[in-house]
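The values are calculated or read from the model by the stated rules, or taken from the named source; none is laboratory data. No experiment lies behind these values; they were computed from the predicted model shown. Methodologically, a virtual Cβ is constructed for each residue, glycine included, from the backbone with ideal geometry; neighbour enumeration extends over all protein chains shown.
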Amino acid sequence: MHTGKIKKLIRDRGFGFIDDTDGREVFFHRSSVLDMKFDDLSEEQKVTFEIENSPKGPRAVNVQIEK
């Protein structure tokens with residue numbers, strides 16, 4: 001499990017980017033958010049997530065607010 005902060009949200013397109021504590025920026029899609037709505041997320045919010053490989057590079061899945 002990885003941790004990080006939401007760096008940028010592109011609400012009208014349904015995706016965003018997370019700054020991983022490992023120093024990389026990771027893409028995520030609204031369909032990868034668990035336990036809450038994408039529209040309820042905010043930038044700088046701490047999250048936990050897993051990383052999977054996609055054709056366009058790594059992406060975050062199972063994104064949740066850090067508890």
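Quick notes on this structure:
- Filter pass, R11 being without any contact (Cβ under 8 Å) to a residue 24 or more places away in the chain and either touching a helix residue (DSSP H, G or I) at 6+ places or on another chain (Cβ under 8 Å) or buried (at least 17 other Cβ atoms within 10 Å of the Cβ) (or both): no
- Matching residues, segment 27-37, being outside any strand (DSSP E or B) and modelled with pLDDT of 95 or more: R30, S31, S32, L34
- Residues being charged (D, E, K, R) and part of a strand (DSSP E or B) - total across segment 54-67: 1
- Filter result (under 14 Å from T3 (Cβ atoms) and aromatic (F, W, Y)) within segment 14-67: F28, F49
- With respect to (1) touching a Ser or Thr at 6+ places or on another chain (Cβ under 8 Å); (2) assigned to a loop (DSSP other than H, G, I, E, B), the lone exception for I6 is condition (2).
- Residue match in segment 14-26 (condition: in a loop (DSSP other than H, G, I, E, B) and hydroxyl-bearing (S, T, Y)): yes
- Evaluating I51 against the criteria (1) free of Cβ contacts under 8 Å to residues at least 24 places away in the same chain; (2) assigned to a strand (DSSP E or B) leaves one unmet condition, (1).
- Of all the criteria given as (1) under 11 Å from G16 (Cβ atoms); (2) surrounded by 13 or more Cβ atoms within 10 Å (Cβ to Cβ), the one not satisfied by N62 is (1).
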